[in-house]
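Structure incoming, see below.
Just so it is clear, none of the values below were taken in a lab; they were calculated from the coordinates. Since the model is a prediction, treat every value here as computed from it, not as a measurement. When we count neighbours, we look across all protein chains shown, and the Cβ atoms used for this are built from the backbone with ideal geometry, even at glycine.
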Amino acid sequence: GVVLSPHPVPTERDVEATLRPKRLADFVGQARVREQLELVLEGARRRGVPPDHVLLSGPPGLGKTSLAMIIAAELGSALRVTSGPALERAGDLAAMLSNLVEGDVLFIDEIHRIARPAEEMLYLAMEDFRVDVVVGKGPGATSIPLEIAPFTLVGATTRSGSLTGPLRDRFGFTAHMEFYSAEELEQVLRRSAAILGVELRPDGAAEIAGRSRGTPRIANRLLRRVRDYAEVRADGAVTLPVARAALEVYDVDELGLDRLDRAVLGALVRTFGGGPVGISTLAVAVGEEPSTVEEVCEPYLVRAGMLARTPRGRVATAAAWHHLGLEPPAQTLG
Ligand code: ADP
């Protein structure tokens with residue numbers, strides 16, 4: 001028969017949640033953003049009003065959701081969570097807004113994907129704490145203004161460039177999240193290892209940090225994979241040789257590039273002779289959505305100096321050719 005455990009088994013998602021920093025002081029790195037945010041929160045606290053709306057922009061896994069939760073925690077407010085794609089109908093947003101309690105933090109992930117009618121409703125909500133609810137259809141339709149409680153909107157986006165001007169202008173503060181340095185990632189890893197009860201040696205931490213593409217979520221994920229290897233094939237301690245051997249098994253190369261990153265570079269170099277090639281063509285060549293290639297792979301490849309965006313398309317740099325063990329043509333970008 002089936003034995004039901006009285007304690008639900010924690011899933012990998014739950015593990016990710018336990019690793020989330022809970023307060024601003026636990027949030028590693030992003031010193032600039034932390035300082036700016038501290039001022040925004042403290043200024044509002046002194047004036048006794050909800051802080052200005054905050055936009056967090058940057059690649060996935062850099063801590064936008066964590067920061068939204070931290071903002072609510074620091075304010076002692078409740079966090080309501082939704083996402084751009086979930087707000088297809090303005091009515092869904094109206095329901096969410098009218099349920100807000102004064103001081104609540106409303107988090108909208110992937111806010112660049114919000115549908116137009118919901119976006120327009122959001123303008124008024126952000127500016128005047130009001131929504132216009134349209135009742136009826138056609139010429140007889142009337143709009144009823146509805147007060148909503150003063151709240152703080154925290155929007156997160158992987159592409160602030162595709163936000164419309166009017167939406168962007170309604171945020172009082174925009175934080176641009178940067179990729180993390182190796183030292184910061186080591187700090188993230190030490191913190192996570194302590195929470196998970198993993199013995200992490202300094203050289204093991206350095207190795208994982210160096211292959212985490214500047215991204216805490218990836219650092220934490222690699223730590224969990226290396227921990228599996230350490231427990232199954234070694235004595236449990238995460239040392240340099242253990243980290244190297246484990247990352248080899250998971251196809252993470254010395255730069256932290258994974259299969260998809262290498263597929264993108266491979267297509268760019270081998271199929272398109274180094275480019276320039278348009279993002280959609282490149283995405284088709286690797287069998288991925290253009291948005292995945294653009295928002296997930298590209299930012300780090302650009303930052304690692306492997307790929308350049310030019311007006312005519314994506315171009316592989318000499319470093320990309322060398323990384324794939326190939327000799328670049330003479331005119332290749334440095
Ligand atoms: P995003 O919303 O930008 O995709 P998340 O906030 O979900 O990123 O972060 C992913 C994971 O990375 C979190 O669960 C957390 O464990 C870790 N993380 C992100 N930023 C930090 C940070 N500054 N300090 C410590 N851990 C972090």
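Using only the alpha carbons of the range 55-127, determine the length spanned along each of the three principal axes and report them from longest to shortest in whole angstroms.
Here the Cα extents, ordered largest to smallest, are 30, 30, 19 Å.
Now, a different point. Per residue, how much space in cubic angstrom lies within the convex hull of the C-alpha atoms of the range 266-327?
Working: hull volume 4.5 nm³, N = 62.
Enclosed volume per residue, from the Cα hull, is 72 Å³.
Which chymotrypsin sites (Phe, Trp or Tyr not before Pro) does the range 229-283 hold that lie in a coil by DSSP with at most 16 other beta carbons within 10 Å?
Numbers: sites: Tyr229, Tyr250, Phe272; in loops: Tyr250, Phe272.
For chymotrypsin sites (Phe, Trp or Tyr not before Pro) across the range 229-283 that sit outside H, G, I, E and B with at most 16 neighbouring Cβ atoms in 10 Å, the list reads Tyr250.
While we're on this one: Mind checking the log10 I(q)/I(0) for the range 136-220 at q = 0.11, 0.20, 0.21 Å⁻¹? Debye, one equal scatterer per Cα, no solvent, two decimals.
Those come out to -0.57, -0.94, -0.97, one per q.
Another question about this same structure. Going through the range 1-93, which GluC sites (Glu not before Pro) have at most 15 other Cβ atoms within 10 Å and a DSSP loop state?
On the way: sites: Glu12, Glu16, Glu35, Glu38, Glu42, Glu74, Glu88; in loops: Glu88.
When the GluC sites (Glu not before Pro) of the range 1-93 are filtered for loop state and at most 15 Cβ neighbours within 10 Å, Glu88 remain.
Using alpha carbons only, what's the Rg to Rh ratio of the range 85-169 with Rh from Kirkwood?
Details: Rg = 13.0 Å, Rh = 13.4 Å.
On the Cα set of the range 85-169, Rg over Rh gives 0.97.
Also, quick follow-up: Kindly provide the Kirkwood hydrodynamic radius of the chain in Å, to one decimal, from all pairs of distinct alpha carbon atoms.
Values: mean 1/r = 0.0447 Å⁻¹.
Kirkwood radius, the chain: 22.4 Å.
Would you list Leu79, Leu301 from fewest to most Cβ contacts within 10 Å? Could you put the intermediate results ahead of the total?
Details: Leu79 17, Leu301 25.
Going from sparsest to densest Cβ surroundings: Leu79, Leu301.
Take the alpha-carbon centre of the range 284-310, take the same for the range 64-95, and report the distance between them in whole Å.
If we compute the Cα centre of each part, the gap is 28 Å.
What full-extension length gain, to one decimal in nm, is calculated for Ile279 and Thr164 as 0.36 nm per residue of separation minus the Cα-Cα distance?
Numbers: separation 115, 0.36 × 115 = 41.40 nm, distance 2.16 nm.
So the chain would gain 39.2 nm between Ile279 and Thr164.
Taking only the C-alpha atoms, wrap a convex hull around the range 5-103 and report its volume per residue in Å³ as a whole number. Please list the in-between numbers first.
Numbers: hull volume 15.9 nm³, N = 99.
Enclosed volume per residue, from the Cα hull, is 161 Å³.
For the range 1-93, with the dipole built from +1 on Lys and Arg beta-carbon atoms and -1 on Asp and Glu ones, taken about the Cα centre, which of Leu87, Ile71, Gln36 lies farthest toward the positive end?
Gln36
Follow-up question, since we're still on this one. Quote the relative contact order of the range 70-167 in percent (integer), defining contacts as alpha-carbon pairs under 8 Å separated by 6+ residues. Walk me through the intermediate numbers first.
On the way: 162 pairs, mean separation 30.5, N = 98.
Worked out over the range 70-167, it gives 31 percent.
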